[in-house]
Amino acid sequence: MEGFYAKKRFGQNFLVDRNVLLDITECASVSPSDVILEVGPGYGTMTKELLDRGCARLYAVELDIRFKDVLEKLASDYPGLQVVWGDAVKVDYEAFFPFPNKVAANIPYNITTPLIWRLLTFAPRGMNSHVYMVQKEAADRLTAARDTKDRYPLGVSLEVMGEAKVVRRVPPACFRPVPRVDSAVVKITLTRNFHLMLDSLWSDLLHAGFRQRRKTLVNNLKGFGGVEDWRPRLELSGIEPKIRAEDLSGDEWLRLYSALSIPM
């Protein structure tokens, strides 16, 4: 790490605790057939660990060109490594072949939500196992149950598509520079409802419902989809109109999504 400093605009905090690194790579359950996507490899510490575990291919997506020499040297040592330069939220993943089935990443914290939303759209193509290092606050939102203040649209989507769980907490001392917040490793396993992330209506419905958290669902949805009065659809879905968005279960959100297609 000598000669480098973290860039705040890239959301960089470099993991320096090897025990945490080993926990992340162990959680990824690497097999010889796996094609792995890593975001923000930095010095390539986790990259090398994943490659040493024997995956078939690893794509390392990095925005910070300062790591060019380090990562290209690593790529020369490991034929299975392909370094991709660019913004992980905007990279053309469709062009990757073979396509990744797993993600393992110490995500730059400032892109956590948009990056995971983007990568979930590739569930139909088999990208169904994700391991992320994120801020503890973000981990709490990703795994929040109904009736909790941390509930939000991405967490609802993860619930209806599979499972998201916190694997371990990570204190600030495990990073350089030392952040002011705790972090956590989150494991996401997707098993169902992959089509949802290909339908903008699902995302739009969730974001409309959570638009103003203190308002009831029927008030937040007023006008959404050209529907002024959402009470009939809520009642048809077995949902109390005065309920708030965070109080709905994943199944209730799915019923409400299905009700959108019913003419009334």
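The values are calculated or read from the model by the stated rules, or taken from the named source; none is laboratory data. Keep in mind that this is a model prediction, so the values were computed, not measured. Note that we place each Cβ from the backbone using ideal geometry, even for glycine, and neighbour counts take in every protein chain shown. Heads up: the accessible areas ignore ligands, DNA and RNA and are worked out on the full protein's heavy atoms, side chains in. Shrake-Rupley method; radii C 1.70, N 1.55, O 1.52, S 1.80 Å.
Things worth noting here:
- Gyration tensor (alpha-carbon) shape descriptor, region 71-198, a/c threshold 1.5: oblate
- Only protein atoms count toward the accessible area here, which uses a 1.4 Å probe; on region 122-264, the carbon and sulfur part of that area reaches 49 percent.
- Longest exposed-site-free window of the chain, the sites being GluC sites (Glu not before Pro) in a DSSP loop that have at most 11 other C-beta atoms within 10 Å: 3-227
- Globularity ratio of region 122-163, using Cα Rg and 2.2 N^0.38 Å: 1.22
- Two numbers describe the Cα atoms of the chain: Rg and Dmax, which are 20.0, 65 Å.
- Counting all C-alpha pairs of region 20-74, share separated by more than 14 Å (%): 50
- Whole-Å semi-axes of the ellipsoid equivalent to region 1-120 (Cα gyration tensor, √5λ, descending): 19, 17, 15
- Among Val134, Val70, the order of accessible area from largest down is Val70, Val134, computed with a 1.4 Å probe on protein heavy atoms.
- Lysines whose Cα lies under 28 Å from that of Lys90, excluding same-chain neighbours fewer than 8 positions away: Lys7, Lys8, Lys48, Lys68, Lys73, Lys102, Lys136, Lys165, Lys187
- Restricting region 161-258 to trypsin sites (Lys or Arg not before Pro) in coil, as DSSP defines it, with at most 16 other Cβ within 10 Å: Arg180, Arg192, Arg211, Arg213, Arg214, Lys215, Lys222, Lys242
- Using a Förster distance of 25 Å, the FRET efficiency for Leu198-Val89 (Cβ separation, nearest 0.05): 0.90
- Region 46-98 - percent of accessible surface contributed by carbon and sulfur, probe 1.4 Å: 55
- Backbone N under 18 Å from the Thr148 label point (7 Å along Cα→Cβ), restricted to region 217-251: 244-251
- Legend: calculated FRET efficiency, Ile262 to Ser29, from the Cβ-Cβ distance at R0 = 25 Å, rounded to 0.05, equals 0.05.
- Centre separation in Å (Cα based) which lies between region 67-94 and region 147-202: 25
- Per residue, the accessible area of region 100-216 comes to 42 Å² when a 1.4 Å probe rolls over the protein heavy atoms.
- Normalised alpha carbon radius of gyration of region 157-264 [divisor 2.2 N^0.38 Å]: 1.35
- Summed over qualifying helices (DSSP H, 4 residues or more, each -39500 (n - 2.57)) and divided by its residue number, the chain shows a 222 nm mean residue ellipticity of -8500 deg cm²/dmol.
- The chain - share of DSSP beta bridges that are antiparallel (%, nearest 5): 50
- Pair Thr191, Ala173: separation of 7 Å Cα→Cβ label points (nm): 3.8
- For region 54-95, radius of gyration divided by Kirkwood radius, i.e. Rg to Rh on alpha-carbons: 0.98
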